[in-house]
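Presented below is the structure to which this report refers.
The values are calculated or read from the model by the stated rules, or taken from the named source; none is laboratory data. If you're wondering where the values come from, they're calculated on a predicted model, not measured in any experiment. Here Cβ is always computed from backbone atoms with ideal geometry, including for glycine, and neighbour counts include all displayed protein chains. Side chains included, ligands, DNA and RNA excluded: accessible areas come from the protein's heavy atoms. Shrake-Rupley method; radii C 1.70, N 1.55, O 1.52, S 1.80 Å.
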Amino acid sequence: MSDSSPARADALVLDVWCELQCPDCRTALDDVRALRARYGDRLELRLRHFPLENHKHSFAAAQAAEEALAQGRGWPYVEAVLGRVEELDRRGEPFLVEVAGELGLDAEEFDTALIDGRHILIVDADQAEGKAIGVTGTPTYVIGGERLDGGKSQEGLREHVEEIADRLLGGGGQA
């Protein structure tokens, strides 16, 4: 899933392997926001799904994020759900539909999407690709072919992403 705003064709891609029931991914949102602010449309942030088995609502949450993208509000939805991880833990799918309504999305369509499974293939493909490249936990970032695991520690991770981005973009942050 990529951001709802189109990135330039020459934008550098940062894949953010995430799971919407993961407290570490919620913490990583500050880094994602800072990277978005620093690089703007020169860095395309793509949410990649990696639902973990120990979080029973994570697969449904990934599908819901794809429905939010289809309705044009992918990242705002992801940020809203990650901001309330404990509520997702407690309430599951009804919470996912409720957040959609709060954001002005078609909540009934969210409910239908979770029932009919229209986004399952996207989530499955992301998870398979993640496993193939060595993703074992979330958040994990991939930029310029380099995988950075934030699931163990996020200490210094944003700085490392910025070093790679600056090198690949041929200069400093803000244009």
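For this structure, a couple of remarks:
- The set of residues in the range 105-132 being open to solvent by 70 Å² or more (accessible area, probe 1.4 Å) and part of a loop (DSSP other than H, G, I, E, B) consists of Asp106, Arg118.
- Among the residues of the range 43-91, those that are among the aromatic types (Phe, Trp, Tyr) and over 16 Å from Val135 (Cβ atoms) comprise Trp75, Tyr77.
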